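Below you'll find the structure, written out as structure tokens, and then a few comments.
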């Protein structure tokens with residue numbers, strides 16, 4: 001009898017140890033990305049304002065290759081750049097033979113979408129709204145299915161050129177371009 005109890009206890013410890021090794025908390029950079037300046041990427045729309053130049057002032061989409069295409073200066077690399085960095089590049093190019101002392105301001109007109117899949121009513125691509133949390137994203141997708149694990153969600157995001165996945169609570173914020181995966185619960 002004691003041998004069986006020891007085997008059951010050993011199996012429980014082994015099973016629990018196996019489960020805990022599967023879950024890895026997100027690295028510090030995962031949450032640190034929430035406090036960094038926004039960086040443009042494909043799917044974003046940038047609002048470019050060039051003072052006293054109505055024909056250049058417009059909303060420009062960032063294409064699949066990560067470029068913003070403007071009249072006169074052509075394709076400007078935007079992927080991975082902040083609004084301030086992009087302003088500097090556009091200003092430099094416009095000043096190079098097109099305008100005297102251009103005054104350029106760039107902001108985000110529309111964020112790239114986020115994606116949600118797994119145990120939600122309607123997985124897919126959704127419009128990102130600033131301040132969005134996991135819970136709001138799940139609500140936008142029609143809510144959880146009856147089999148959904150509701151305690152936490154896996155988020156995959158790109159940080160500094162690397163794809164990182166972390167498990168977070170429903171109250172955690174999301175970023176544009178994130179992919180949320182709602183797991184199936186065990187019981």
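The numbers here are math on the coordinates, done by the rules we state, and not lab data. Since this is a predicted model, take the numbers as computed values, not measurements. Cβ atoms come from the backbone with ideal geometry, glycine included; neighbour counts cover every protein chain shown.
Against the chain, whose longest principal axis comes from its Cα atoms, helix 2-22 is set at around 0 degrees.
Distance in nm between label sites at residue 84 and residue 107, each 7 Å beyond Cα in the beta-carbon direction? Roughly 1.7 nm, to one decimal. In the chain, the longest principal axis of the Cα atoms and the axis of helix 83-95 are about 20 degrees apart.
Computed from the Cβ-Cβ distance with R0 of 45 Å, the FRET efficiency linking residue 63 to residue 171 stands at 0.85.
The label point for residue 92 and the one for residue 151, both projected 7 Å from the Cα toward the Cβ, are 5.1 nm apart. If you take the Cα centroid of the range 163-178 and the Cα centroid of the range 63-142, the two points sit 19 Å apart. Alpha-carbon geometry of the range 113-187: the Rg and the Dmax are 11.5, 37 Å, given in that order. Overall dimensions of the range 62-109, expressed as equivalent-ellipsoid semi-axes from the Cα gyration tensor (√(5λ), whole Å, largest first), are 18, 12, 8. Considering only 163, 153, 84, the mean-square fluctuation computed in a Gaussian network model of the chain, springs between alpha carbons under 10 angstrom, is largest for 163. When you count the other C-beta atoms within 10 angstrom of each residue and take the mean per peptide, 96-104, 115-123, 154-162, 172-180 line up highest first as 172-180, 115-123, 154-162, 96-104. Listing 171, 107, 61 from fewest to most neighbouring C-beta atoms within 10 Å gives 171, 107, 61. If you look at the Cα atoms of the chain, you get an Rg and a Dmax of 22.9, 90 Å.
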